[in-house]
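One structure below.
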């Protein structure tokens, strides 16, 4: 069991080098004295197998973390030898009576967390199910503040799900439930209520020799769900709305002769200075069963009856893309020296989004 | 979607940022002494760059800011793992190794318009060395003890000792109890 509730959600993060060394002389102060965060964890787990088709486990843990890194708004004396000299904290309005205001990463916090987990898995004759209940309590303390429950730290979490074969072992109906207890946002006075969401799915496994699909509805009952906000100096969002009912459909075709790509480019703001004139780049490639796109564009591929692919877009785009067929692989390439987003251009004005399409 | 990063002018076509990332990793593995020992040697280079141009006001004031951050990691690791005793009631295995890391960073900043700051260019560097070892002892095929430790030295941050202990008891073929203890350090530039 991993006490994942604590460090990643209670202000303890994995800072990049900039947190220790970067300063810009305007708003960010370096902190070369930043120390390593430390964590001590003790776990006790028990696992039991019941027959060949049921297993269960239980566990408890305790974690203590020190030197947790957090951003602070502080005041610093004028730079000396490229060093930021801390002189005190800002007042409630963000002003400094001495020195100038800066943001700095510092070892400010500690936290302790205790929790437990119960889980079970069942797998028999194609039917599978799992359930997991986690309870935990975390308290954190930052310098100058009382010890309290951190944001985004629910006291309980329940996850359960299962899959039932509808047709042999080739077609499965699945259902998953995730429920999360009440938690605090940032500011902590904002409470995010407990919620439960249900996902449902239908998926094939080798339904035919060449084709599989996966259909899924996330948040089946369209439940209002919120996530915690991230602390910022000025944040008008106290809680972040999450996706409501969402449909996904994934179609997968395997290597076969009758494979034809339809490629749709959804984003095209790569070359931000277009002429405004459209042209079409056509591929003569046939007989390929794999498409490799070596360009930062989004594509989708579906099966059809014939081979054909075209790129239509601003004629400047035609100069930086090419089709290259190597055996059964069709490469869509962007020339290295062409991907240079240009400063000051508005791509929406002059650039028609490139669009891949085929005519069957 | 138009943005205004770092409080810059909303939806300014001048504001931009770019990041670059690249790495090389090479690994060598070899088994010898009838597969009882395995040597692993690894080397890597990792580079990261970030630049931004932030427009705060149009000419004639023309306030803007430039930031840059660059980091290069290079290092290596050597590990020797082996089965010391095997096939009996008491089995013993483990590994020992060392790794080294060199980190260099450069920060750049420039502000014009409302304030004249910079150009600042701040290079830093850090070196790390670690030694680590772990032994695993199996008794009567159903009790496993693991003891390991890592001693890390850093030229910038406080040195750290990271121990880990574990005991796993397979009570029956269907039941297992596991007790774990570990303490780790996370260096700020990891």
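Points to keep in mind about this one:
- Neighbour counts of other Cβ atoms within 10 Å put B:32, A:22 in the fewest-to-most order B:32, A:22.
- Within the stretch A:132-155: backbone nitrogen closer than 16 Å to the residue A:196 label point (7 Å, Cα to C-beta): A:132-134
- Average projection, convex hull of the Cα set of the stretch A:151-252: 7.9 square nanometres.
- For chain B, built as a Gaussian network whose Cα springs stay under 10 Å, the top-fluctuating residue of B:172, B:138, B:124: B:172
- Contact order relative to length of the stretch B:5-182, as percent, for alpha carbon pairs under 8 angstrom and 6 or more apart: 14
- Förster-model FRET efficiency, 22 Å R0, residue B:167 and residue A:62, C-beta, rounded to 0.05: 0.85
- Fraction in percent of alpha-carbon pairs per bin - 10 Å, the stretch A:101-208: 12, 29, 24, 17, 12, 5, 1
- With a simple spin-label model that places each label point 7 Å from the Cα along the Cα-to-Cβ direction, the separation between residue B:135 and residue B:38 comes to 2.1 nm.
- The orientation-averaged projection of the convex hull spanning the C-alpha atoms of the stretch B:64-139 amounts to 7.4 square nanometres.
- Computed extension length for residue A:148-residue A:238: 30.5 nm, one decimal, from 0.36 nm per residue of separation with the Cα-Cα distance subtracted.
- Pairs of alpha carbons in the stretch A:109-169 separated by more than 16 Å make up 61% of all such pairs.
- Using a simple spin-label model with pseudo-atoms 7 Å out from Cα toward Cβ, residue B:147 and residue B:4 lie 6.1 nm apart.
- The P(r) of chain B has a tail past 30 Å containing 49 percent of all C-alpha pairs.
- The residue A:160 and residue B:21 beta-carbon pair, evaluated with R₀ = 30 Å, returns a calculated FRET efficiency of approximately 0.20.
- Among A:39, A:27, B:58, sorting on how many other beta-carbon atoms sit within 10 Å of each Cβ, with the fewest leading, yields B:58, A:27, A:39.
- Stokes-Einstein translational diffusion, the stretch B:101-179 - Kirkwood Rh over all Cα pairs, 1.306 mPa s, 10 °C, in µm²/s: 93
- A straight line joining the Cα centroids of the stretch B:27-92 and the stretch A:25-80 runs 21 Å.
- Fewest neighbouring Cβ atoms within 10 Å first, the residues A:52, A:149 line up as A:52, A:149.
- Distance in nm between pseudo-label sites at residue A:133 and residue A:171 (7 Å out along the Cβ direction from Cα): 3.6
Each value in this text was obtained by applying a stated rule to the coordinates, not by laboratory testing. Computed from a prediction, not measured in an experiment: that's the story for all the values here. Here the Cβ is made from the backbone with ideal geometry for all residues, glycine too, and neighbour counts use every protein chain on show.
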